[in-house]
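Notes for the one structure printed next.
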Amino acid sequence: MESNESYYRRRAIQEIVAARHAITANAKARRRLLAETYVRRLSELTGSDESFLLDSNPARLQEFA
């Protein structure tokens, strides 16, 4: 079974990538908000600041997945 930490990190990365590929401004905003939610939950779980994921280069995101 996948741990909560792995789940939140994976979902945050998926939403960040989806936001970058979204076509409309509304879709980008919605995906970014979801990504921020997952990053916040991940930070609460790990006790560390994970917000760097939101500004990471998409190629580097795979390092954290």
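Details
- Positions within the stretch 24-65 being more than 12 Å from A12 (Cβ to Cβ), surrounded by 10 or more Cβ atoms within 10 Å (Cβ to Cβ), modelled with pLDDT of 95 or more and not charged (D, E, K, R), in sequence order: A27, A29
- The residues on offer are Y8, Y38, and the sole one that is of a type in the set (S, T, Y) and within 15 Å of D55 (Cα to Cα) is Y38.
The values are calculated or read from the model by the stated rules, or taken from the named source; none is laboratory data. Just so it is clear, the model here is predicted, and its values are computed rather than measured. Note that we place each Cβ from the backbone using ideal geometry, even for glycine, and neighbour counts take in every protein chain shown.
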